[in-house]
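Q: First the structure, which I've put down as structure tokens, then a few questions once you've had a look.
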Amino acid sequence: MTTTLSRPVDVFDELRGAQLPSWGPRAVFGLAVVVGVGTYFLGLGVFRSVVLAWFICLSVPLWSLAIEGKRKATDRLVTTLVTSAFGLALLPLISILWIVISKGSKVLSTEFFTYSMRNVVGPGGGIYHALIGTLLITGAASVMSIPIGLFTSIYLVEYGQQNRLARWIRFLVDVMTGIPSIVAGLFAYALFALIFGDGIRLGIGGSVALSVLMIPVVVRSCEEMLKLVPNELREASYALGVPKWRTVAKVVLPTALAGIVTGITLAIARVIGETAPLLIIAGTTDSVNMDLFKDRMATLPVFAYSSISSPGFPPGPSIDRAWGAALVLLIIVMLLNLIARLVSYFFSPKGER
Amino acid sequence: MSTTQATRKAPPVRPGDRVFAGLSTGAGILILVILAGVGIFLTAKGIPGILAKPDEVKSGQHFLPWVWPLVYGTLIAATIALLIAVPVAIGVALFISHYAPRRLGQIFGYLIDLLAAVPSVVYGLWGIQFLAPHMVPFYAWLNKHLSFIPFFGEPSATGRTILTACIVLAVMILPIMTAICREIFLQTPRLHEEAALALGATKWEMARLAIFPYARSGIVSAAMLGLGRALGETLAVAMVLSVTAGEVTANLIGSSNPSTIAANIALNFKESTGLSVNALIASGLVLFIITFLVNFAARALVERRSEFSGAN
């Protein structure tokens, strides 16, 4: 007994075959980082030093091929590739955040938030009119989409369940999530042009276009949340003689409230950055317009777009303002995402976290 | 027995119930009406544009010869974006679901989701001001060493080419595809994975034997949803290319580029009047039909495998 117990490690080693030392891959990765950073500071350029470091990482599979054989080497190669795919996906994120923050933060000032672009040539001016427009248009879109989306999801979960109409609605809502945003804009334009004549530009048209994009997102997320409400709660309510609509309003909806708020916030975050439909139907202007039902209305994304596409002369200040507007937009969207996550983290019923 | 049967009345239908059921059903039907409305209004406004004579529109061409290069550009841009994004998305999803430590995996997932939160106008700005200038030396290199492939002809000096637009598109469709793939990879039955590992498979062999066969149709539908997004994406392409009339060319890195339907609408809508607007709307209808078919196919594929649900 004692002899077999004292030598199991050697037995396993014989069965297992040769292996890379466990510090091997980490050491190579560390070497790659050091070489990458070193060559960057020696003036090789970001791109080339990253590629060089990556090739050094590829030596792990080769080393493994020499010692461990083909199967293990393939496994290590895939591990390297999968990890570098993640790194590759992070590159644009980091680069976008860095460039937007560094270029955008230069123009942020009190003037930038409180002035419109009316009669501004060259430097100065701000995004007040665009901020107002974005809030009004997105607000109106939410007012239209949230009831429609919420009631549809109630229909799907509480009334329709698996009948034919519900299945069709579910399927077409999924298809609707794929409508290109510019098509939604053209739809709103075609609708209002048939009513008011060609060349129409209206803030409310932007809201209609955004609703087409927002409703499916609201329906899907609310449906998922309502489905999570346990059936026992509904049955307990029915057993007390509560009518179905009061059960839905007083039991099901409050239980799912945190999830619904999260879903709606994410839906707003999705449409608030939409540019194409607003470019078509809401247009752009330099002045503050508070009336959704009259004339053109500037919005943040369209403001950023038109500042860069027709900057005027000299182009510098306009391009700076475009970056500033992009930064403000990015902050709004990230804040909405953060709020959504916090709501679902703190307010969802216990056990669902 | 019979008396109890006779005395049991149907439960009273309360007015509140009726209103509530009506509201919910109405909302559901309204959605179908809206979707039908999108098709109907685009058709109503688009048909005059399809029928317009060459001298009545800005482009000076019949509808089909005018829209064909745009369809070509749309399809080629979306396809290349997909070719770039699919392997990366599968890799990232696999990394998050099976390679990263479990706790970190969730955080990494959030990071990738952040990419989906970036508005398309910000992607456009990034594409013009950061990516395009940085791609110029790379394009010169491609032209120098690979010019025997027709894709890599005379390079553009600004870097604002269809290939740059494709890379931006690939980044934009990456998060949704990653999210769906990740979701399906996580749904692989644990016993299949453990059985593969117990038979001595390495992690990669486990992925090939247990995860990929299970996730195949999910990966395909994720790719098709990504394709739908790429087909319809407007602003990023419009800003990077900024060409008013696209042309059919195989050169992906040249200074004259094919344009896409969506980008063409965004760039020309402001200056167009009369029948030119109708022609743009008709091209939008073409785009709507293409994306509708792609999404329809993707969703039908997901529906067929009813075990898979959850990701959208």
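Q: Across region A:323-349, which residue is nearest to the other protein chains (Cβ to nearest Cβ) among those that are among the polar types (S, T, N, Q) and under 17 Å from the mean Cα position of the chain (by Cα)?
A: Looking at residues that are among the polar types (S, T, N, Q) and under 17 Å from the mean Cα position of the chain (by Cα), I get A:ASN337.
Q: Then there is this: Which residue out of A:ALA326, A:ALA304, A:ALA340, A:ALA298 is touching an Asp or Glu at 6+ places or on another chain (Cβ under 8 Å) and among the hydrophobic types (A, V, I, L, M, F, W, C)?
A: A:ALA298
Q: So, one more: Hey, could you check region B:172-199 for residues that are touching a Phe, Trp or Tyr at 6+ places or on another chain (Cβ under 7 Å) and among the hydrophobic types (A, V, I, L, M, F, W, C) and say which is modelled with the lowest pLDDT?
A: Once the filter is applied, the top-ranked residue is B:ILE184.
To keep it simple, each residue is scored yes or no on (1) of a type in the set (Ser, Thr, Tyr); (2) out of contact with any Ser or Thr (no Cβ under 8 Å at 6 or more places or on another chain); (3) assigned by TED's automatic domain parsing to the domain that holds A:ASP174.
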| position | (1), (2), (3) |
| --- | --- |
| A:ASP198 | no, no, yes |
| A:ILE204 | no, yes, yes |
| A:MET214 | no, no, yes |
| A:TYR238 | yes, no, yes |
| A:LYS244 | no, yes, yes |
| A:ILE260 | no, no, yes |
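For every residue, the table says whether it meets (1) without any contact (Cβ under 8 Å) to a residue 24 or more places away in the chain; (2) within 30 Å of A:SER307 (Cα to Cα); (3) within 25 Å of the chain's Cα centre (by Cα).
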{"residue": "A:VAL37", "(1), (2), (3)": "yes, no, no"}
{"residue": "A:SER59", "(1), (2), (3)": "no, no, no"}
{"residue": "A:ARG71", "(1), (2), (3)": "yes, no, no"}
{"residue": "A:THR74", "(1), (2), (3)": "yes, no, no"}
{"residue": "A:LEU93", "(1), (2), (3)": "yes, yes, yes"}
{"residue": "A:VAL100", "(1), (2), (3)": "no, yes, yes"}
{"residue": "A:THR110", "(1), (2), (3)": "yes, yes, no"}
{"residue": "A:VAL121", "(1), (2), (3)": "no, yes, no"}
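Q: Is there a residue being under 28 Å from B:TRP126 (Cα atoms), within 11 Å of chain A (Cβ to nearest Cβ) and either modelled with pLDDT under 80 or in contact with a Gly (Cβ under 7 Å, 6 or more places away or on another chain) (or both) anywhere in region B:296-312?
A: Yes - at least one qualifying residue is present in region B:296-312.
Q: Can A:THR152 be described as among the hydroxyl-bearing types (Ser, Thr, Tyr), within 13 Å of chain B (Cβ to nearest Cβ) and either touching a residue at least 12 places away in the same chain (Cβ under 8 Å) or buried (at least 20 other Cβ atoms within 10 Å of the Cβ) (or both)?
A: Yes, satisfied.
Q: Which helices (runs of 4 or more DSSP H) sit wholly inside region A:192-295 and have at least 1 residues that are of a type in the set (Ser, Thr, Tyr) and modelled with pLDDT of 90 or more?
A: Per the criteria, A:203-228, A:231-239, A:244-247, A:253-272.
Q: If you don't mind, there's one more thing I want to ask. State whether the residues of region B:188-204 include one that is surrounded by 24 or more Cβ atoms within 10 Å (Cβ to Cβ), in contact (Cβ under 8 Å) with a residue 60 or more places away in the chain, within 14 Å of another protein chain (Cβ to nearest Cβ) and touching a helix residue (DSSP H, G or I) at 6+ places or on another chain (Cβ under 9 Å).
A: No, that holds for no residue.
Q: When you scan region B:24-72, how many residues do you find that are facing chain A (nearest Cβ under 7 Å) and loosely packed, with under 15 Cβ neighbours inside 10 Å?
A: Result for region B:24-72: 0.
Q: Let me ask something else about it. What about B:ALA36, is it closer than 30 Å to B:ARG182 by Cβ, out of contact with any His (no Cβ under 6 Å at 6 or more places or on another chain) and among the small types (Gly, Ala, Ser)?
A: no
Q: Take the residues of region A:296-315 that are in contact (Cβ under 8 Å) with a residue 60 or more places away in the chain and in a helix (DSSP H, G or I): which is surrounded by the most Cβ atoms within 10 Å (Cβ to Cβ)?
A: Across region A:296-315, the extreme among qualifying residues is A:PHE303.
Q: Just the residues that are in a helix (DSSP H, G or I), within 20 Å of the chain's Cα centre (by Cα) and either of a type in the set (S, T, N, Q) or more than 10 Å from chain A (Cβ to nearest Cβ) (or both), please, taken from region B:245-285.
A: Those that are in a helix (DSSP H, G or I), within 20 Å of the chain's Cα centre (by Cα) and either of a type in the set (S, T, N, Q) or more than 10 Å from chain A (Cβ to nearest Cβ) (or both): B:ASN264, B:SER283.
Q: Would you pick out the residues in region A:178-198 that are surrounded by fewer than 20 Cβ atoms within 10 Å (Cβ to Cβ) and either within 7 Å of another protein chain (Cβ to nearest Cβ) or more than 22 Å from A:ALA298 (Cβ to Cβ) (or both)?
A: Correct list: A:LEU194, A:ILE195, A:GLY197, A:ASP198.
Q: Mind listing whichever residues of region A:59-73 are surrounded by fewer than 17 Cβ atoms within 10 Å (Cβ to Cβ) and at the interface with chain B (Cβ under 10 Å from one of its Cβ atoms)?
A: A:ARG71 - this is the single residue of region A:59-73 that is surrounded by fewer than 17 Cβ atoms within 10 Å (Cβ to Cβ) and at the interface with chain B (Cβ under 10 Å from one of its Cβ atoms).
Q: Would you confirm whether any residue within region A:253-269 is over 19 Å from the mean Cα position of the chain (by Cα) and within 11 Å of chain B (Cβ to nearest Cβ)?
A: The answer is no, given that none of the residues of region A:253-269 is over 19 Å from the mean Cα position of the chain (by Cα) and within 11 Å of chain B (Cβ to nearest Cβ).
Q: Scanning region A:159-176 for residues that are in contact (Cβ under 8 Å) with a residue 12 or more places away in the chain and at the interface with another protein chain (Cβ under 7 Å from one of its Cβ atoms), which turns out farthest from the chain's Cα centre (by Cα)?
A: Here the answer is A:ILE169.
Q: Being at pLDDT 90 or above, closer than 26 Å to B:THR234 by Cα and part of a helix (DSSP H, G or I) is the requirement here; does B:ILE167 meet it?
A: For B:ILE167, the condition - at pLDDT 90 or above, closer than 26 Å to B:THR234 by Cα and part of a helix (DSSP H, G or I) - is met.
Q: Separate question: Quick one: would you say B:LEU225 is within 30 Å of A:PRO277 (Cβ to Cβ) and in a helix (DSSP H, G or I)?
A: yes
Q: Restricting region A:78-107 to residues that are in contact with a Phe, Trp or Tyr (Cβ under 8 Å, 6 or more places away or on another chain) and among the aliphatic types (A, V, I, L, M), which is surrounded by the fewest Cβ atoms within 10 Å (Cβ to Cβ)?
A: Restricting to residues being in contact with a Phe, Trp or Tyr (Cβ under 8 Å, 6 or more places away or on another chain) and among the aliphatic types (A, V, I, L, M), the top hit is A:ILE99.
Q: Tell me which residues, restricted to region A:65-84, are touching a Leu at 6+ places or on another chain (Cβ under 7 Å) and at pLDDT 85 or above.
A: A:ALA73, A:THR80, A:VAL82
Q: So which residues in region A:234-249 are of a type in the set (A, V, I, L, M) and either within 22 Å of A:ILE260 (Cα to Cα) or crowded, with 18+ Cβ neighbours inside 10 Å (or both)?
A: Listed by number, the residues that qualify are A:VAL248, A:ALA249.
Q: Of the residues A:LEU97, A:LEU65, which is under 30 Å from A:VAL288 (Cα atoms) and not assigned by TED's automatic domain parsing to the domain that holds A:LEU327?
A: Step by step, each of A:LEU97, A:LEU65 is checked, and only A:LEU97 is under 30 Å from A:VAL288 (Cα atoms) and not assigned by TED's automatic domain parsing to the domain that holds A:LEU327.
Q: So, in region B:128-143, exactly how many residues are at the interface with another protein chain (Cβ under 10 Å from one of its Cβ atoms) and surrounded by fewer than 22 Cβ atoms within 10 Å (Cβ to Cβ)?
A: Residues meeting the conditions: 5.
Q: Something else: Taking the residues in region B:96-127 that are among the polar types (S, T, N, Q) and more than 7 Å from chain A (Cβ to nearest Cβ) as candidates, determine which candidate is nearest to B:MET177 (Cα to Cα).
A: B:SER97
Q: Within region B:130-155, track down each residue that is closer than 24 Å to B:THR234 by Cβ and touching a helix residue (DSSP H, G or I) at 6+ places or on another chain (Cβ under 7 Å).
A: Residues satisfying the conditions are B:PHE130, B:LEU131, B:ALA132, B:MET135.
The values are calculated or read from the model by the stated rules, or taken from the named source; none is laboratory data. All values reported here derive from a predicted model rather than from experimental measurement. Here the Cβ is made from the backbone with ideal geometry for all residues, glycine too, and neighbour counts use every protein chain on show.
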